[in-house]
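Step one of this worksheet: look at the structure below.
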Amino acid sequence: MLPEKQLAWGLSRSCIRELAEYGAARKAEIGADKVFDFSIGNPSVPAPDCVNEAIAELIKGDSIALHGYTTAAGLMSLRQKLAEDLNKRFDIAAKPEFMYVTCGAAASLTVSLNAILLPGDEVIVIAPFFPEYRVFTEGAGGKLVVVQPKDDLQIDIDNLKAALNNKTKAVIINSPNNPSGAVYSEDNIKALSVALKEHEEKTGETLYLISDEPYREIVYGGISVPCPLKYYDDSIMCYSFSKSLSVPGERIGYIVVNSRMKDAANVYASVMGSGRSLGFVNPPSLFQRVIERCIGQTSDISEYETNRNILCEGLKEIGYDYIEPQGAFYLFLKSLDPDAKAFSDKAKAHELLLVPSDDFGIPGYVRISYCVSRKTIEDSMPAFKALFEEYKH
């Protein structure tokens, strides 16, 4: 017999996976330039020069030292520089001894959840949410609870309070958000913090806030992304350089256990134990050293902002409704069909690959990933118009 959950997860085919497989087949059949694939969140902007320059410099050195094991928590020199950068930017009293370098945000989340959850504990997520939160939570023995947002996709504090109970162990937030591009305001984060503190006082139990931040640097129009660790002590930051540096395949990120947490030392020890039990010996040695040389750098975020503007203007002119993204590189388009999956299926006939919002825990939208070439966006407008006219007539 095989474990039922693992088997089910391996056999399940999410809408994103289905679209990726369909898109690959269509591109092979009619040509990649004729398929408008907005389904995948793979950075389309090159990594900044510092990445390749660091690699070129590092490979000139001692190969054994470069490619050897580091400590399980990652290089202390890297953690020190990361802590300095975070403290300078967010004033959160980050300490390198409470930081754990990981194989990307997925590892950060799975390690953190396995560190804090006991079987049957509940984890609240705010819709729309990254679908893998369910797999990560259930894999750690927890139960996912979905809370619906306000109409503007800010956290609905009343809905959150109604979902809190004695089994609630953690709340995961993601801002800038995948799939919507929404950024939670400072007032919203402050209100969330107050609600979580009130619940802790009421129950006498620790309630962890996990802030998933792989899109933190990708924001537009001077928008500021508030750091939850500044407002809520029992918080954990999960980060990845995949999007900010355009290196998703290199799998490098980190966890920050808030040094102000009442039991920070034990929580960090549990993070270390969780990483060990999950088989994370250490994150990639080469890219730990690359990141050390690239802290504070990003890819050209303006390219995504230009893509966003072209896409929004084009869709608005046609007549579509959407929630304008403040960050990340996704746009949430209002489905012209009450059934978002049916709308997504009809879009395929126009070679438009759009992800229905059902997988993200909210009905009535499709996600458009605009981390694509500008030509793809511009060339897709006639297809979007034809799809719109099909519904309107």
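Numbers for the structure displayed
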| quantity | calculated |
| --- | --- |
| Condition met for K161 (closer than 19 Å to E205 by Cα and either over 19 Å from the mean Cα position of the chain (by Cα) or surrounded by 15 or more Cβ atoms within 10 Å (Cβ to Cβ) (or both)) | yes |
| Any hit, the stretch 224-236, residues being more than 22 Å from G296 (Cα to Cα), open to solvent by less than 30 Å² (accessible area, probe 1.4 Å) and in contact with a Pro (Cβ under 6 Å, 6 or more places away or on another chain) | yes |
| First in the stretch 266-284 and under 26 Å from H67 (Cβ atoms), second anywhere and of a type in the set (S, T, Y) and open to solvent by 40 Å² or more (accessible area, probe 1.4 Å), Cβ under 6 Å, 6 or more apart | N282/Y69 |
| Complete set of residues in the stretch 184-197 that are open to solvent by 10 Å² or more (accessible area, probe 1.4 Å), closer than 14 Å to L153 by Cβ and either touching a Lys or Arg at 6+ places or on another chain (Cβ under 7 Å) or not small (G, A, S) (or both) | N188 |
| Single condition T203 does not satisfy, out of (1) open to solvent by 10 Å² or more (accessible area, probe 1.4 Å); (2) hydroxyl-bearing (S, T, Y); (3) touching a residue at least 40 places away in the same chain (Cβ under 8 Å) | (3) |
| Long-range neighbours under 7 Å by Cβ, at least six apart or interchain, first residue closer than 21 Å to G41 by Cα and in contact (Cβ under 8 Å) with a residue 40 or more places away in the chain within the stretch 1-26, second among the charged types (D, E, K, R) and not in a helix (DSSP H, G or I) | G23/D37; R26/E351 |
| Subset of the stretch 23-44 that is charged (D, E, K, R) and part of a helix (DSSP H, G or I) - its residue that is farthest from R374 (Cα to Cα) | E29 |
| Considering residues of the stretch 1-44 that are among the aliphatic types (A, V, I, L, M) and open to solvent by 100 Å² or more (accessible area, probe 1.4 Å) only, the residue nearest to the chain's Cα centre (by Cα) | L11 |
| Strands (runs of 3 or more DSSP E) (entirely within the stretch 45-155) containing at least 2 residues that are open to solvent by 10 Å² or more (accessible area, probe 1.4 Å) | 143-147 |
| Test: residue in the stretch 297-312 that is at pLDDT 95 or above, open to solvent by less than 10 Å² (accessible area, probe 1.4 Å), within 23 Å of I255 (Cβ to Cβ) and not in a loop (DSSP other than H, G, I, E, B) | no |
| Matching residues in the stretch 313-336 - criterion: being within 22 Å of A386 (Cβ to Cβ), touching a helix residue (DSSP H, G or I) at 6+ places or on another chain (Cβ under 8 Å) and either part of a loop (DSSP other than H, G, I, E, B) or aromatic (F, W, Y) (or both) | G319, Y320, Y322, F332, S335, L336 |
| The stretch 313-332, residues that are under 19 Å from the mean Cα position of the chain (by Cα) and either without any contact (Cβ under 8 Å) to a residue 12 or more places away in the chain or open to solvent by less than 50 Å² (accessible area, probe 1.4 Å) (or both) | I323, P325, G327, A328, F329, Y330, L331, F332 |
| Residue check, D233 within 23 Å of F332 (Cβ to Cβ) and either in contact with a Lys or Arg (Cβ under 6 Å, 6 or more places away or on another chain) or part of a helix (DSSP H, G or I) (or both) | no |
| Enumeration of residues in the stretch 345-381 that are part of a helix (DSSP H, G or I), among the aromatic types (F, W, Y) and open to solvent by 10 Å² or more (accessible area, probe 1.4 Å) | none |
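The values are calculated or read from the model by the stated rules, or taken from the named source; none is laboratory data. Computed from a predicted structure; not experimentally measured. Positions of Cβ are backbone-derived with ideal geometry, glycine not excepted, and every protein chain shown enters the neighbour counts. What goes into the accessible areas is simple: the full protein's heavy atoms, side chains included, and nothing from ligands, DNA or RNA. Shrake-Rupley method; radii C 1.70, N 1.55, O 1.52, S 1.80 Å.
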